[in-house]
Amino acid sequence: MSALDERRAQFQKYKHDVKERGKPFYPYAMFHDTVMSLVVVSVIVGLACVWYFTSGENPDTCGGKDSCLLGPRYSAPADPGTTNFVPRPDWYFYFLFYLLRIFKWPDSVILGTVGIPTVLLIIAFGLPFLDTRRERRLLRRPVAVVAAVLVVLSMGVLTYKGAVAKEALASEVKAAVPSWAKREGFANNREAVAGANAFAVSGCTACHTYLGTGGGNLGAPDLSAEGTKGKGVQGLQTYISDPSKFGNTVMPKFASLGQTTLHQIAVFLDASKGPK
C-alpha cells in the first residue's frame, strides 16, 4: 500500500471513529479555543501598540508630528465644573438610553430599565430548554423567526434613536432666557432674569420643562406657570433647597447653590405666571 493510500485509509478510519464515538473535547476543541484566544489577544496587543507608538503625550501634535491613528494618548483634563458636557452611554447601551425616554415616569422607569431587559434575557436563556425540536429550517419555525426579527428591529430602532437623540446644552437653554423673560413679562425684573439664568445652567431642564424647553423626565412638571400656585418666593426657595422635606425623593437637593442663587431662582419661578 502506498503512503497516499495509507493516509486515505487513516482519514476514513478517523471519520468513522468521529461518527461512531464523537470528537473528544481534549485536545481538539481545547486546541481550537486556545488558538482563537491567542489570535484575539494578539489583535488587542497589536492595536494597543499601534495606539501607543503613533501617539504622543501632547494631543496638539496629532495629525502632525504624531499621526494618532487610534486617537491621542492624552486629552484635555476633565473640567468638573462644566455645564456644557452632556453624558452619554457607550453605543451598545443606546437602546437602554432611549428606553429611559419612553419609560420616563417614576413608576415605570424600573419597568423600562430592569423589567423588560431582564424578561428578555430570561426568555433567551430558557428557549433552548423549552424548544427541543430538531427542526432547523427557517420556514418551518415562523414563530421563532418573527420573534427574532422583531427583537433585532426593536434593538436597531432604539439604538438609532438613542444615537441621534439630542440633549439641550446649558448654553443653549441659557440662550432661551431672553425669550422667556419677554413672554412671561419679567424682563424688567433683574432678580428674576438672574434666577432664570441660574435655572438654565443648573441642570433644572434635565427634568423640568419651561416654555417648551427641557427634558420632561421622571414626571417632573412644567414650570412655565409655577408662580400661579401661590407658593411664594420663600416657599419656593425652601422647597428647591431640600425637596425631600416635602416628600419629593426624586428631585435632588440644591442647597449647594447657595442662598443668593436659590432666592433668585425662587423669584424667577414666582414671576412665571405663564406666557402672556
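At-a-glance table
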{"quantity": "Residue-span extension gain [S67 to R136] - 0.36 nm each, minus C-alpha spacing", "calculated": "19.9 nm"}
{"quantity": "Sites N58 and A165 - FRET efficiency at Förster radius 35 Å, r taken between beta-carbons, to 0.05", "calculated": "0.55"}
{"quantity": "Cys with no candidate disulfide partner in the chain (beta-carbon separation under 4.7 Å rule)", "calculated": "C49, C204, C207"}
{"quantity": "Region 19-77 - percent relative contact order, Cα under 8 Å, separation 6 or more", "calculated": "26 percent"}
{"quantity": "Net length gained if the chain between T228 and R190 were fully extended (0.36 nm per residue, minus Cα distance)", "calculated": "11.7 nm"}
{"quantity": "Relative contact order %, region 126-276, counting alpha carbon pairs below 8 Å whose residues are six or more apart", "calculated": "24 percent"}
{"quantity": "Mean Cα-pair separation over length for the chain, i.e. relative contact order, pairs under 8 Å, 6 or more apart, %", "calculated": "14 percent"}
{"quantity": "P(r), alpha carbons of region 170-270 - 10 Å bins starting at zero, rounded %", "calculated": "16, 54, 29, 2"}
{"quantity": "Kirkwood Rh in Å, taken over the chain so that all alpha-carbon pairs contribute", "calculated": "25.3 Å"}
{"quantity": "Span-like helix ranges in the chain, DSSP H, alpha carbon extent 18 angstrom or more, Kyte mean at least -0.5", "calculated": "30-54, 116-130, 142-164"}
{"quantity": "Inter-site label distance for Q259 and S75 at 7 Å from Cα along Cβ, in nm", "calculated": "4.1 nm"}
{"quantity": "FRET efficiency, 1/(1 + (r/R0)^6) with R0 41 Å, evaluated for H16 and V43 via beta carbons", "calculated": "0.60"}
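FYI, it's all coordinate maths here, none of it is from the lab. As the structure is a prediction and not an experimental result, all values here were calculated from the model. Reconstructed Cβ throughout: ideal geometry from the backbone, glycine too, with neighbour counts over all protein chains shown.
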